[in-house]
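Single-structure report; data block below.
Each value in this text was obtained by applying a stated rule to the coordinates, not by laboratory testing. Just so you know, these numbers come straight off a predicted model, no measurement behind them. Quick reminder, even Gly has a Cβ in these numbers, built from the backbone with ideal geometry, and neighbours come from all protein chains shown.
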Amino acid sequence: MQNTLIIDGKAISAAIKEEVREQAAELKTQHGIVPGLAFLLVGENPASQSYVRSKERACEYCGFHSSTVTMPASASEREILARIDAWNIDPDIHGILVQLPLPDHVNEDCVIEAISPRKDVDGFHPVNVGKLVIGQEAFLPCTPAGIQELLIRSGIETAGKHVVVVGRSNIVGKPIANILLQKTAGANAVVTVTHSAAEDIGLYTRMADILIVATGRVNTVTAGMVKDGVVVIDVGINRVEDASRERGYRIVGDVDFEGVRERASAITPVPGGVGPMTIAMLMKNTFRSAERSAAGR
Ligand code: GUN
């Protein structure tokens, strides 16, 4: 298609962080409250360390207070739960983020359930998941919330449109399907979820007005698998070998960008599409939590 819109997630996330920064300054002036976000990092996974550093930088930019506790990979579940309990009752902390994955000997479900749903800015607690499904106000997980925000801010109508989600993870596939299914503005879509058990994923993707791909697999969707005019949201972040790059690899999504962009009316690039939105939505969730505490709710 000519004039395919390349959705600029970097610019949209920068605009959101700027809005949050202004709102946070106002909250401080009017109520003396500084949003506080606590990070727990267990072990020495370099990707997790880098994610937490980026989130700390975003806190600094938005004028939030942040506190990071690091524990060795040998930390016991009991130590982790004790840390969370302390943050749950700390009035200066409005959001708690336990960076995943956790070491194998720690039960992630137990850890997530220990976080107060009121401070669960990742939106992973079963209470928030349940509220999302039944349409009650809840913290939405940051990546799917970021996808909805990208669609809204790019002027892409979802009401009555056929959204096809490829992938059924708890972090992206399932929540984005539930978000876009809600009978609200920025949603109200007809949603299909397809996944690795489907015999032919193309059968479903070709029916999509809006295609959201979150499989973690390079080239999950190629040009022959979409219809003309489709809107494509690519959630993948994959490393592929590339000898022409100094570091020996480049980052690509789950969609064959060059092939699919020819047919799409709009598409997110990787990097610079969905990726930057996750942290922006984390800042938004944390601000909302602080604002709610200011209102005594
Ligand atoms: N690990 C990878 N993505 C995420 C995320 O969104 N939140 C947390 N807590 N851990 C992650």
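Observations, loosely collected:
- Number of Lys pairs (Cα under 17 Å; 8 or more positions apart or on different chains) in the chain: 15
- log10 of Debye I(q)/I(0), alpha-carbon scatterers only, for segment 9-68 at 0.21 Å⁻¹: -0.85
- Point-charge dipole on Cβ atoms (K/R +1, D/E -1) for segment 75-192, about Cα centre, debye to 20: 600 debye
- Value of relative contact order over the chain, rounded to a whole percent, pairs C-alpha under 8 Å and six or more apart: 22 percent
- P(r) for the chain, from all Cα pairs and a bin width of 10 Å, is 6, 26, 34, 24, 9, 1 %, short bins first.
- Extending 7 Å from the Cα toward the beta-carbon at both H65 and K10 defines two label points whose distance is 3.4 nm.
- For the chain, share of DSSP beta bridges that run antiparallel, in % to the nearest 5: 10 percent
- Exposure proxy order (Cβ contacts within 10 Å, fewest to most) of I152, I171: I152, I171
- Peptide ranges 76-84, 162-170, 207-215 listed from the most packed, as the mean C-beta count within 10 angstrom indicates: 207-215, 162-170, 76-84
- By other beta-carbon atoms within 10 Å, ranking T220, T70 with the fewest at the front produces T70, T220.
- The chain - charge dipole about Cα centre, Lys and Arg +1 at Cβ, Asp and Glu -1, debye rounded to 20: 440 debye
- The charge dipole of segment 29-131, taken about its Cα centre with unit charges on the Cβ of Lys, Arg, Asp and Glu (plus for the first two, minus for the last two), comes to roughly 320 debye.
- If the chain linking S74 and I237 were pulled fully straight, counting 0.36 nm for each residue of separation and taking away their Cα-Cα distance, it would gain 55.8 nm.
- Cα gyration tensor shape of segment 139-297, rounded if a/c is under 1.5, else prolate or oblate by comparing a/b with b/c: oblate
- FRET efficiency, R292 to R247 (Cβ-Cβ, R0 51 Å, nearest 0.05): 0.75
- Once both labels are positioned 7 Å from their Cα atoms along Cα-to-Cβ, the gap between D104 and A197 label points is 2.6 nm.
- Near T205, once Lys and Arg are set to +1 and Asp and Glu to -1 for all other residues with Cβ below 14 Å from its Cβ, the sum equals -3.
- Residue-span extension gain [E157 to E44] - 0.36 nm each, minus C-alpha spacing: 36.5 nm
- Alpha carbon convex hull of segment 111-150, volume per residue in cubic angstrom: 60 Å³
- For segment 36-145, taking Cα atoms only, Rg and Dmax work out to 13.6, 39 Å respectively.
- Ranked D90, D256, criterion: other C-beta atoms within 10 Å, fewest first: D90, D256
- Each Cα pair under 8 Å and six or more residues apart adds its sequence gap; the mean of these over the residue count of segment 201-297 is a relative contact order of 26 percent.
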